[in-house]
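Structure, as structure tokens:
The values are calculated or read from the model by the stated rules, or taken from the named source; none is laboratory data. What you are looking at is a predicted structure, and each value in this text was computed from that prediction instead of being measured. Here the Cβ positions follow ideal geometry from the backbone for every residue, glycine too, while neighbour counts run over all protein chains shown.
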Amino acid sequence: MRAFGYTAATSEAAAIALAAQPGTTYLAGGTDLLNLMRDGAEQHGHLVDINHLGLAGVTADNGGLRIGALARMSQVAADPRVRRGCPVLSQALLASASPQVRNMASIGGNLLQRTRCGYFRDPGSACNKRDPGSGCPAIEGQNRIHAIVGGSGHCIATHPSDLAVALVALDAVVQLAGPGGPRAVPIADFHLLPGDTPDVENVLRPGELIVRVDVPSSPLAEHSRYLKLRDRATFEFAVVSVATALRVRRRRVEDVRLAFGGIGTKPWRSRAAEDALRGRPLTADSIADAGRALVRDAVPRHDNAFKVELVQRALTGVLSEHGGIR
Ligand code: SF4
């Protein structure tokens, strides 16, 4: 690992001023950042430690939740208000990483973790995300874990966060602070498609800091689920995952949100699949229609074509837990 400077920030304003300097980034739990720096996938001249800024609380707000960016994954997963009010969030967190990592990794850091694409993690390989313009060997190479939706001719890497998928299903809002003041960004708009600039992964501006994630009150949230399919039972990223939140009235789906992991270049919400369910009974036919709508624009590659069917089966599986299928 290359040498780097370190400052333990004592105020939010001081942290932002420091992190706005070139070559500087924030240090939260460090569970992904330090691996990236050790492996040579990222280089930073200075780290600003934000662990002591009082950003780790979880508070109730008008029936919703305010989750501090420095709250630990295990802390949020175990919070009774999270378990009761938005089980998809607790389930997604508990399906992530290992107990040791969950005790250290922060909510904000989880949203900013980098892709697990092996070419990206290997500084000896070309990679448009790590080294813009160098190429994307995954498109014709090993792409079993890569995206079938949201890709471009420059990158097809999946976003690895389970938490972000759950937050998309909950319509959460990311609260930021930065040199230009505070602003709020819906989680669905926080991560960016790769397009021509796969190195730009989110809307953060220089020096901007995630301070909190707000989960609004919603009758859907109480009826939410997370299903993650992976190659081994723990410490593994999703091959495909599904987050659902829905309300059924008089046997019809009154409202629904569906988000997916492992298939998209960003946490993937499918409004087409939601539209296929809304107003209909939760039956094998309506769920199959939702699955077909979800993958209508999929671009499978030679190693990951199996995801097209697998994600539809996963959707069927998790919706059956909601009381379908008749
Ligand atoms: Fe790099 Fe993206 Fe291609 Fe992976 S898929 S090699 S991250 S450009």
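The table that follows gives values for the structure above.
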read-out	value
Only listed residue being part of a strand (DSSP E or B) and either surrounded by 24 or more Cβ atoms within 10 Å (Cβ to Cβ) or in contact (Cβ under 8 Å) with a residue 40 or more places away in the chain (or both), chosen from Val168, Val174, Val185	Val174
Residue check, Ser320 part of a loop (DSSP other than H, G, I, E, B) and among the hydroxyl-bearing types (Ser, Thr, Tyr)	no
Options Ala298, Ala305; residue that is under 18 Å from Arg271 (Cβ atoms) and surrounded by fewer than 20 Cβ atoms within 10 Å (Cβ to Cβ)	Ala298
Residue within region 68-83 that is farther than 23 Å from Phe190 by Cα and touching a residue at least 60 places away in the same chain (Cβ under 8 Å) present	no
Only one of Gly40, Gly54 that is away from the ligand (no atom under 16 Å from the Cβ) and either touching a residue at least 12 places away in the same chain (Cβ under 8 Å) or under 27 Å from Ala14 (Cα atoms) (or both)	Gly54
Top-ranked residue in region 188-204 [being in contact (Cβ under 8 Å) with a residue 24 or more places away in the chain and closer than 28 Å to Thr59 by Cα; ranked as surrounded by the fewest Cβ atoms within 10 Å (Cβ to Cβ)]	Asn202
Residue ID - farthest from Arg205 (Cα to Cα), chosen from residues in region 106-131 that are part of a helix (DSSP H, G or I) and more than 8 Å from the ligand (Cβ to nearest atom)	Arg121
Long-range neighbours under 7 Å by Cβ, at least six apart or interchain, first residue of a type outside the set (D, E, K, R) within region 205-219, second exposed (fewer than 15 other Cβ atoms within 10 Å of the Cβ) and modelled with pLDDT under 95	Ser217/Asn62; Ser217/Gly63
Residue satisfying condition, being in contact with a strand residue (DSSP E or B) (Cβ under 6 Å, 6 or more places away or on another chain), surrounded by fewer than 16 Cβ atoms within 10 Å (Cβ to Cβ) and touching a residue at least 24 places away in the same chain (Cβ under 8 Å), within set Ala15, Ala8	Ala8
Sole exception among (1) among the hydroxyl-bearing types (Ser, Thr, Tyr); (2) modelled with pLDDT under 95; (3) assigned to a strand (DSSP E or B) for Thr244, by number	(2)
Wholly within region 30-88, helices (runs of 4 or more DSSP H) carrying at least 1 residues that are within 18 Å of the chain's Cα centre (by Cα) and hydroxyl-bearing (Ser, Thr, Tyr)	73-78
Selection count, region 132-171, where residues are away from the ligand (no atom under 14 Å from the Cβ) and of a type in the set (S, T, N, Q)	1
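Yes/no matrix, rows are residues, columns are (1) modelled with pLDDT under 95; (2) under 30 Å from Gln312 (Cα atoms); (3) of a type outside the set (Asp, Glu); (4) over 14 Å from the mean Cα position of the chain (by Cα):
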| site | (1), (2), (3), (4) |
| --- | --- |
| Met104 | no, no, yes, yes |
| Ile107 | no, yes, yes, no |
| Gln113 | no, yes, yes, no |
| Gly124 | no, no, yes, yes |
| Ile145 | no, yes, yes, yes |
| Ile156 | no, yes, yes, yes |
| Asp162 | no, yes, no, no |
| Leu170 | no, yes, yes, no |
